[in-house]
Amino acid sequence: MNDMVALAKLDSLLDECLAQPIISLKDLETPYSQYDTANFVPVPRDITHIDQVLHQRHAQLIDISYQLSIVQSAFWKLAAFQTRLEESASHVRLSAVSHKALTSPIRRVPPEVLGEIFYHCLPTAPYVTPRDVEGPMVLTQVCRHWRAVAMSTPRLWTSMTLHLDRATEEGYRSMCEAWLGRAKSLPLAMRVLSDLDSPDPTTQACIVSWLRPLLMRCHDFWWHGPALDPLLDSDSEVSTITCAISPTPYLSRLRVTSHRGMAYTVCLPGPAPYLRTVFLQCTTHHLRSLDQISLPWFQLTELSLHFALLDSTVLLQLLSLCTSLRFLTVSCLCADPDQLAMFRSLGTGAIHHGTLKRFEMRVIRHGLDAVLDALTAPALEELDIGFCYRERDPWPHAEFVDFVNRSGSGLRKLTVRQNKGVARHLVEYGTLTPGLAVTMW
């Protein structure tokens, strides 16, 4: 209160000071001011008067300088006082915010509800890369209560991306174990980036022994890159893109991808009763057979295969093995003369698939007509066919019509990419299958 009174008095005094008139040039005029720009030569009597004026101006300057020094001192003190007031205001605001936070509704949210909110704060990517600036780690840095809730919510810690080049460090492995350990007994979603640069056998064996128990807990597993030989169940003496997954009762989704290699092997050495979705990719490999891919084909409902080339005979083999398949994507489909001859020997509609609802394929060489001729799919609702080379291959109109008639009228959507040959048959297709939507790209 005393400060307020003192500041009020100071303000009043400043008003009085500002009310004082300033010395103007008019106030300083003398009989000699008119000679400022003239060639005036003073006589002794004028010199005496001019000396008196100079003495007066000197006294005035001393007085003004003194006042300026007082104002400058006051200014410094006011600036320091202003700094103190701003610091005080900052402290008051912080106190107000902290006290207001005590009444925030978030403090009354039960821990289990708060944990659910935290779950929806996780990154949208299916595999979380640990970062301090993203969930769930950032949630542990707000306050002790949030940290305790986050640490005790297993769902926040079930997803992770592992880098094998860092897994050679004990600290990194400990961090991963602590992260996934908070998931308790929940199944994991894990992506492994096999980015090791020619590891020595000891290092490789150490990493494999560390990975195996983690893989057994996964319901969603993505391996990218070349495998580590100790993980393989079959002997391999050549450089391969191979992944062997340890038996797991949780695995429902499997993805194995790579961008290089001369061979491609996927081995499931034990049962995976819940495996339904598989994605396999190697854009430099020609998939000629399924001999090196061991999966429970009969229980899969969704399958995606992306290779540089994929033989049509492999596709028909898949359709025969995957009796529960609902969604199938393959690229890039090809067929040589021997394969085409084999197709023709099968007979029309030899491959009957009763559950396939959506079929997407990319065709790079002849063979689409033979596939359509050999296949019957009464449950098919969507067919997406893309040609890798625009307008190079003819549209297999006759085979497509026979396929639709043979399969029934369930087809609802046809998408054809980079082949305008289908355009001349649109009216016939509309009559063939009422309600069919045809899209051309």
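The values are calculated or read from the model by the stated rules, or taken from the named source; none is laboratory data. Keep in mind that this is a model prediction, so the values were computed, not measured. Neighbour counts are summed over all protein chains in view; Cβ atoms, including those assigned to glycine, are modelled from backbone coordinates with ideal geometry. Accessible surface is based on the protein model in full, side chains and every heavy atom, while ligands, DNA and RNA are left aside. Shrake-Rupley method; radii C 1.70, N 1.55, O 1.52, S 1.80 Å.
Apply the Karplus parameterisation 6.51 cos²θ - 1.76 cosθ + 1.60, with θ equal to phi minus 60°, to every residue of region 410-416 and state each ³J(HN,Hα) to the nearest whole Hz, in sequence, with x for glycine and proline.
Residue by residue, region 410-416 yields x, 5, 10, 9, 10, 10, 10 Hz.
Contour minus end-to-end for MET137 and TRP441, with contour as 0.36 nm per residue of separation and end-to-end as the Cα-Cα distance?
Working it through step by step, the gained length comes to 105.0 nm.
Which value at 222 nm does the chain reach when only helices count, each DSSP H run of 4 or more adding -39,500 (n - 2.57), with the total divided by all residues and rounded to the nearest 500 deg cm²/dmol?
Value at 222 nm, helices only: -12000 deg cm²/dmol.
Find the centroid of the Cα atoms in region 86-108 and in region 337-357, then give the distance between the two in whole Å.
Region 86-108 and region 337-357 have Cα centres separated by 73 Å.
Put a dot 7 Å past each Cα toward the Cβ at ARG84 and HIS163; how far apart are the dots in nm?
The two pseudo-label positions are separated by 5.3 nm.
Return, ordered by residue number, the residues of region 168-208 whose backbone nitrogen is under 12 Å from a label point located 7 Å along Cα→Cβ of MET216.
Flagged as within label range: none.
Check THR265: other-chain or 5+ apart residues with amide H under 5 Å from its amide H, H built from backbone geometry?
Amide H to amide H, under 5 Å and 5 or more residues apart or across chains, THR265 pairs with ILE241, THR242, CYS243.
Taking the simple approach of a point 7 Å from Cα along Cα-to-Cβ for both ALA379 and THR284, what is their distance in nm?
The two pseudo-label positions are separated by 3.8 nm.
Got the relative contact order for the chain handy, in percent, Cα pairs under 8 Å and 6 or more residues apart?
This gives 6 percent for the chain.
Need the list of aspartates and glutamates near LYS184 for cross-linking: C-alpha distance under 17 angstrom, and skip anything on the same chain fewer than eight residues off.
Those aspartates and glutamates meeting the cut-off are GLU112, GLU116, ASP220.
Using a Förster distance of 41 Å, how high is the FRET efficiency between GLN292 and THR202, based on the Cβ-Cβ distance and rounded to 0.05?
0.90
When each pair of different Cα atoms in region 286-441 is counted once in the 1/r mean, what is the Kirkwood radius in angstroms, to one decimal?
It is 15.6 Å.
Per residue, what volume in Å³ does the Cα convex hull of region 111-168 take up?
89 Å³
Using 7 Å Cα-to-Cβ label points, what is the ILE62/LEU426 separation (nm, one decimal)?
10.4 nm
For region 340-413, what does the alpha-carbon gyration tensor say about shape, rounded, prolate or oblate, given a ≥ b ≥ c as the root eigenvalues, a/c under 1.5 as rounded, and a/b over b/c as prolate?
The shape class here is oblate.
In whole percent, how big is the carbon plus sulfur part of the accessible area of the chain, probe 1.4 Å, protein atoms only?
Solvent-exposed carbon and sulfur of the chain make up 58 percent of the total.
Counting only residues 5 or more places away or on other chains, whose amide H sits under 5 Å from the amide H of THR433 once H atoms are built in the peptide plane?
none
Can you tell me the alpha carbon radius of gyration of region 1-125 divided by the globular rule-of-thumb value 2.2 N^0.38 Å?
2.36
Mind pulling the angle between the C-alpha long axis of helix 337-346 and the longest principal axis of the chain? Nearest 10 degrees, somewhere in 0 to 90.
It is inclined by approximately 60 degrees.
Compute the FRET efficiency between ARG412 and GLU170 as 1/(1 + (r/R0)^6), taking r as their Cβ-Cβ distance and R0 = 45 Å, and round to the nearest 0.05.
According to the calculation, E is roughly 0.20.
Mind listing which trypsin sites (Lys or Arg not before Pro) in region 126-164 are in a DSSP loop and have 14 or fewer other Cβ atoms within 10 Å?
Hits after loop and neighbour filter: ARG131.
Quick one: helix 312-321 against the long Cα principal axis of the chain, what's the angle to the nearest 10°, folded into 0 to 90?
80 degrees
Can you spot the lysines whose alpha carbon is less than 21 Å from LYS413's alpha carbon? Ignore those fewer than 8 places along the same chain.
LYS357
Among the lysines, which fall within straight-line cross-link reach of LYS9, defined as a Cα-Cα distance under 29 Å, with same-chain neighbours fewer than 8 residues apart omitted?
Partners found: LYS77.
Search the structure for amide H atoms under 5 Å from the amide H of HIS285, placed 1.01 Å from N in the peptide plane, and list their residues when 5 or more places away or on another chain.
ALA308, LEU309
With every protein chain left in place, what is the accessible area per residue of the chain in square angstrom, probe 1.4 Å?
Heavy-atom accessible area per residue stands at 57 Å².
How big is the antiparallel share of DSSP beta bridges in the chain, given as a percent to the nearest 5?
Around 0 percent antiparallel, to the nearest 5.
Helix 201-215 versus the longest principal axis of the chain: what is the Cα-based angle in degrees, 0 to 90, to the nearest 10?
Helix 201-215 and the main axis of the chain meet at about 90 degrees.
Could you compute the FRET efficiency for ALA350 and SER252, with r as their C-beta to C-beta distance and R0 at 45 Å, rounded to 0.05?
0.90
State the answer as a single residue: which of SER152, CYS206, SER194 lies farthest towards the positive end of the charge dipole of region 135-211, with beta carbon charges of +1 for Lys and Arg and -1 for Asp and Glu, about the Cα centre.
Checked the options; the winner is SER152.
What list of ³J(HN,Hα) values in whole Hz, one per residue of region 125-131 in order, does the Karplus curve 6.51 cos²θ - 1.76 cosθ + 1.60 (θ = phi - 60°) give from phi, with Gly and Pro shown as x?
Working through the residues one at a time gives 5, x, 10, 7, 9, x, 9 Hz.
Over 20 Å intervals from 0, what percent of Cα-Cα pairs in the chain sits in each interval?
For the chain, the binned pair fractions read 18, 30, 20, 10, 13, 8, 1 percent.
Place a label point 7 angstrom from the Cα of ARG326 along the Cα-to-Cβ direction, then list the residues of region 391-412 whose backbone nitrogen is under 15 Å away.
Answer for region 391-412: none.
Pick from GLU169, GLU87, GLU399: which is most flexible by mean-square fluctuation in a GNM of the chain where alpha carbon atoms under 10 Å apart are linked?
GLU87
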